[in-house]
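Trainee: First the structure, then my questions, so here it is.
The values are calculated or read from the model by the stated rules, or taken from the named source; none is laboratory data. Not measured: the values here are computed from a predicted model. Cβ atoms come from the backbone with ideal geometry, glycine included; neighbour counts cover every protein chain shown. Heavy atoms of the whole protein, side chains included, go into the accessibility calculation; ligands, DNA and RNA do not. Shrake-Rupley method; radii C 1.70, N 1.55, O 1.52, S 1.80 Å.
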Amino acid sequence: NSLFSLFQIVHAHKPHFMALHCQEFGGKNYEASMSHVDKFVKELLSSDAMKDYNRARVYLDENYKSQEHFTALGSFYFLHESLKNIYQFDFKAKKYKKVTGKEIYSDTLESTPMLEKEKFPQDYFPECKWSRKGFIRTRWCITDCAFDLVNIHLFHDASNLIAWETSPSVYSGIRHKALGYVLDRIIDQRFEKVSYFVFGDFNFRLDAKAVVETLCAKATMQTIRAADTNEVVKLIFRESDNDRKVMLQLEKKLFDYFNQDVFRDNNGTALLEFDRELSVFKDRLYELDISFPPSYPYSEDSSQGRQYMNTRCPAWCDRILMSHSAKELILKSENDEKIVIYDHIGPNVCMGDHKPVFLSFRIAAGAGKPIANVHKCCVVQ
């Protein structure tokens, strides 16, 4: 059970402040599935594991009838009863308000001043299909320490064949542009600049051309074209000897590599060199070292918690990134390296096609002041 896996993390790290960011709320079939969302929210808020969190804010973008606004993002925030002074920023009034009680907002996110929500401009969307990509931003202040939390969903790869053709791929260019847009929005002149954490499904992919060339270094490639259009529909990579065994089959939505262990062994570390999309933003964004396997695309068969689907090349789509000033806020301990933990949830449990990731850290509130109160935070994507 994915909630059980989440509660295990809460129990292990006991955060004072917890941010949980969700995407594609209600799944692909919204009208039929929204009832599950309400059940999930009630279960989360009323569960025994969360009983010490006496304040909560839940923001669900459920207004799927609004073509120009709907992002299907959900942001949950839980505050432990031991946490005394916590404030949330009102973007309209431009001031912080003390957080009390538990409140749920859905349908009406456009009218709550406690967040900023935006769908990417229509001209950002590839193939002119205006899908649910965008971001939600909230701002918090814990004992004099202010930071933004931004839930983001970037564009996916539409075709493995197109991703393979060029390096970097056309899709990575679209993601680069969209992430730049978000960063420019959250540090513009309207509000005071604060540290920020950006997390969600960035849809970052490995450099497909380089990965295939590495995985199939000794293979020969066969190209299969459609009879009527002559368009490439399939690439087959076979070992040059060994009875010409098929190593990889590549189609628009098929990435069938014969040995999945390469993505799992040592957490797939050997492939991290092909994870290059963040390098463009190294001056603006920081990420802790990744020590978990690619977070997508996992099998949705509940008995196959570790298995990848053979639809896409496994990649680290789900990430938690931060501004360089946010990195300074995270308390580094001299003797205990484990104070900051960046990992995935439910390694052996089916959690859907994405495996959630989390970052647990202590924040030096009022960082830079001689006497700082220390609070423990946990963000989950």
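Trainee: Within region 255-264, identify whether any single residue is touching a helix residue (DSSP H, G or I) at 6+ places or on another chain (Cβ under 8 Å) and over 29 Å from GLN304 (Cβ atoms), and answer yes or no. Walk me through how you get there before you give the answer.
Mentor: We begin by selecting, within region 255-264, every residue touching a helix residue (DSSP H, G or I) at 6+ places or on another chain (Cβ under 8 Å); these are 255, 257, 262-263.
Subset that is over 29 Å from GLN304 (Cβ atoms): none.
Looking for residues that are touching a helix residue (DSSP H, G or I) at 6+ places or on another chain (Cβ under 8 Å) and over 29 Å from GLN304 (Cβ atoms), one finds none in region 255-264, hence no.
Trainee: Residue pairs, Cβ under 6 Å, 6 or more apart or interchain, first in region 292-307 and of a type in the set (Asp, Glu), second surrounded by 16 or more Cβ atoms within 10 Å (Cβ to Cβ). List them.
Mentor: Cβ pairs passing all conditions: GLU300/ASP353.
Trainee: Would you be able to tell me the number of residues in region 214-238 that are under 23 Å from THR311 (Cβ atoms), surrounded by fewer than 17 Cβ atoms within 10 Å (Cβ to Cβ) and of a type in the set (D, E, K, R)?
Mentor: Number satisfying all stated conditions: 3.
Trainee: Please count how many residues of region 287-316 are open to solvent by 10 Å² or more (accessible area, probe 1.4 Å) and outside any strand (DSSP E or B).
Mentor: 19
Trainee: Let me confirm something: among GLU251, GLU328, which residue is of a type outside the set (Gly, Ala, Ser), open to solvent by 20 Å² or more (accessible area, probe 1.4 Å) and more than 28 Å from THR223 (Cβ to Cβ)? Walk me through it before giving the result.
Mentor: Values: GLU251 fails: more than 28 Å from THR223 (Cβ to Cβ).
Every option except GLU328 fails the conditions.
Trainee: If you don't mind, another one. Confirm whether VAL212 is modelled with pLDDT of 95 or more and in contact with a His (Cβ under 6 Å, 6 or more places away or on another chain). Outline the logic, then answer.
Mentor: Working: modelled with pLDDT of 95 or more: yes; in contact with a His (Cβ under 6 Å, 6 or more places away or on another chain): no.
Spelling it out, it is not the case that VAL212 is modelled with pLDDT of 95 or more and in contact with a His (Cβ under 6 Å, 6 or more places away or on another chain).
Trainee: Give me the residue from region 84-101 that is open to solvent by 10 Å² or more (accessible area, probe 1.4 Å) and of a type in the set (D, E, K, R) and, out of that set, nearest to ALA56 (Cα to Cα). Show your work before the answer.
Mentor: Kept after step one, since they are open to solvent by 10 Å² or more (accessible area, probe 1.4 Å), are these residues of region 84-101: 84-85, 87, 89, 91-98, 100-101.
If we keep only those that are of a type in the set (D, E, K, R) too, we end up with 84, 92, 94-95, 97-98.
Values: LYS84: 14, LYS92: 21, LYS94: 21, LYS95: 19, LYS97: 14, LYS98: 12 Å.
Here the answer is LYS98.
Trainee: Something else now. Looking only at region 204-221, which residues are closer than 16 Å to ARG276 by Cβ, among the hydrophobic types (A, V, I, L, M, F, W, C) and touching a strand residue (DSSP E or B) at 6+ places or on another chain (Cβ under 6 Å)?
Mentor: Across region 204-221, the qualifying residue is only LEU206.
Trainee: Sticking with this one: Looking only at region 109-144, which residues are hydroxyl-bearing (Ser, Thr, Tyr) and outside any loop (DSSP other than H, G, I, E, B)? Steps first, please.
Mentor: The first filter runs over region 109-144 and keeps only residues hydroxyl-bearing (Ser, Thr, Tyr), leaving 111-112, 124, 131, 138, 143.
Hits for region 109-144 are SER111, TYR124, THR138.
Trainee: Sort out which residues of region 44-83 are of a type in the set (S, T, N, Q) and either in a loop (DSSP other than H, G, I, E, B) or open to solvent by 10 Å² or more (accessible area, probe 1.4 Å) (or both), and write them in order of number. Don't jump to the end; show me each part of the working.
Mentor: To start, the set of residues in region 44-83 that are of a type in the set (S, T, N, Q) comprises 46-47, 54, 63, 66-67, 71, 75, 82.
Scanning region 44-83 gives SER46, SER47, ASN54, ASN63, SER66, GLN67, THR71, SER82.
Trainee: Further, regarding this structure: For region 136-149, which residues satisfy the criterion of being over 21 Å from GLN23 (Cα atoms), among the aliphatic types (A, V, I, L, M) and in contact (Cβ under 8 Å) with a residue 60 or more places away in the chain?
Mentor: ILE142
Trainee: Kindly evaluate ASP256 against the criterion of being modelled with pLDDT of 95 or more and more than 16 Å from the chain's Cα centre (by Cα). Reasoning before the result, please.
Mentor: Details: modelled with pLDDT of 95 or more: yes; more than 16 Å from the chain's Cα centre (by Cα): yes.
So ASP256 passes the test.
Trainee: Confirm whether LEU161 is in contact (Cβ under 8 Å) with a residue 60 or more places away in the chain and more than 30 Å from ASP343 (Cβ to Cβ). Steps first, answer last, please.
Mentor: Details: in contact (Cβ under 8 Å) with a residue 60 or more places away in the chain: yes; more than 30 Å from ASP343 (Cβ to Cβ): yes.
Criteria met by LEU161.
Trainee: Then there's this: Run down ILE152, ILE104 and say which single residue is touching a residue at least 60 places away in the same chain (Cβ under 8 Å) and either among the hydrophobic types (A, V, I, L, M, F, W, C) or open to solvent by 10 Å² or more (accessible area, probe 1.4 Å) (or both). So that I can check it myself, show each step before the final result.
Mentor: Values: ILE152 fails: touching a residue at least 60 places away in the same chain (Cβ under 8 Å).
Exactly one residue qualifies, and that residue is ILE104.
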